[in-house]
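Asker: Have a look at this one before I ask anything.
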Amino acid sequence: MREVLTALEEHSAPDTVQFYWVNAKADVVRAMTVRELEEQSASVGHMLLSTYEARRGEAVVVVYPFGLEYMIGFVACLRAGLLAVSVSPPRPDEVRVFREKVERVHARLCLTTTQYRWGVVALSWNEWPAVTWVCTDGASGERCESRPVRDQAAFVQFTSGSTGVPKGVM
């Protein structure tokens, strides 16, 4: 994890746009500099450690609609020494599988955007897991100093392989 953060911080010009989100027509929807990613992820990392008392190595689900917000949440987990668990936003018929993934990694926090969070609340599906939803857009304030651990996995990605049963791969 430390190597990813070092590469971002030391090998890129801070005010150079390095990340783009484009739509199906290849129009740039959002662009982000290395500095913006660093500042926003540091704020989210601090929020996770201070407000939500996340513990080093704790699994945190990263569930965002498509866009650059995912990168902010993912890098925030790296900075805070947390295990990012990448899960796609579920459709209504996939909530049970989503819940199983969250329970399998014993996550108590799910990172997302305010818009997605309120969509989840509005639908009020009975099968949603009992987690704390953390809206990371608009996080500002104090910054998290990098605390990655060299021998800790950076993230978990679920795959069902040929069985159809989700399994986490580190």
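Asker: Within region 57-76, can you find the residues that are crowded, with 17+ Cβ neighbours inside 10 Å, within 15 Å of Thr113 (Cα to Cα) and not β-branched (Val, Ile, Thr)?
Answerer: The answer is Tyr64, Leu68, Glu69, Tyr70, Met71, Gly73, Phe74, Ala76.
Asker: Another question about this same structure. Which one is farthest from Glu53 (Cα to Cα) among residues in region 80-93 that are crowded, with 17+ Cβ neighbours inside 10 Å and of a type in the set (Gly, Ala, Ser)?
Answerer: At the first step, the residues of region 80-93 found to be crowded, with 17+ Cβ neighbours inside 10 Å are 80-87, 90.
Subset that is of a type in the set (Gly, Ala, Ser): 80-81, 84, 86.
Working: Ala80: 11, Gly81: 12, Ala84: 16, Ser86: 20 Å.
By that ranking, first place goes to Ser86.
Asker: Being of a type outside the set (Asp, Glu), over 17 Å from Ala107 (Cβ atoms) and in contact (Cβ under 8 Å) with a residue 24 or more places away in the chain is the filter here, so list the residues in region 24-62 that pass it.
Answerer: Start the filter on region 24-62 by keeping residues that are of a type outside the set (Asp, Glu), which leaves 24-26, 28-35, 37, 40-52, 54-57, 59-62.
Pick out the ones that are also over 17 Å from Ala107 (Cβ atoms) and you get 24-26, 28-35, 37, 40-43, 46, 50.
Answer for region 24-62, where residues must be of a type outside the set (Asp, Glu), over 17 Å from Ala107 (Cβ atoms) and in contact (Cβ under 8 Å) with a residue 24 or more places away in the chain: Val29, Arg30, Met32, Val34, Leu37, Gln40, Ser41, Ala42, Ser43, His46, Ser50.
Asker: Report yes if some residue within region 94-101 is open to solvent by 30 Å² or more (accessible area, probe 1.4 Å), β-branched (Val, Ile, Thr) and either at pLDDT below 90 or touching a strand residue (DSSP E or B) at 6+ places or on another chain (Cβ under 8 Å) (or both); otherwise report no.
Answerer: yes
Asker: Name the residue, out of Gln115, Gln40, that is surrounded by fewer than 23 Cβ atoms within 10 Å (Cβ to Cβ) and assigned to a helix (DSSP H, G or I).
Answerer: On the way: Gln40 fails: surrounded by fewer than 23 Cβ atoms within 10 Å (Cβ to Cβ).
Of the residues listed, the single one that is surrounded by fewer than 23 Cβ atoms within 10 Å (Cβ to Cβ) and assigned to a helix (DSSP H, G or I) is Gln115.
The values are calculated or read from the model by the stated rules, or taken from the named source; none is laboratory data. For clarity, every value in this text was computed on a predicted model and none was experimentally measured. Cβ coordinates were reconstructed from backbone atoms using ideal geometry, including for glycine residues, and neighbour counts include every protein chain displayed. Remember, those area values only see protein heavy atoms, side chains included, never the ligands or the DNA or RNA. Shrake-Rupley method; radii C 1.70, N 1.55, O 1.52, S 1.80 Å.
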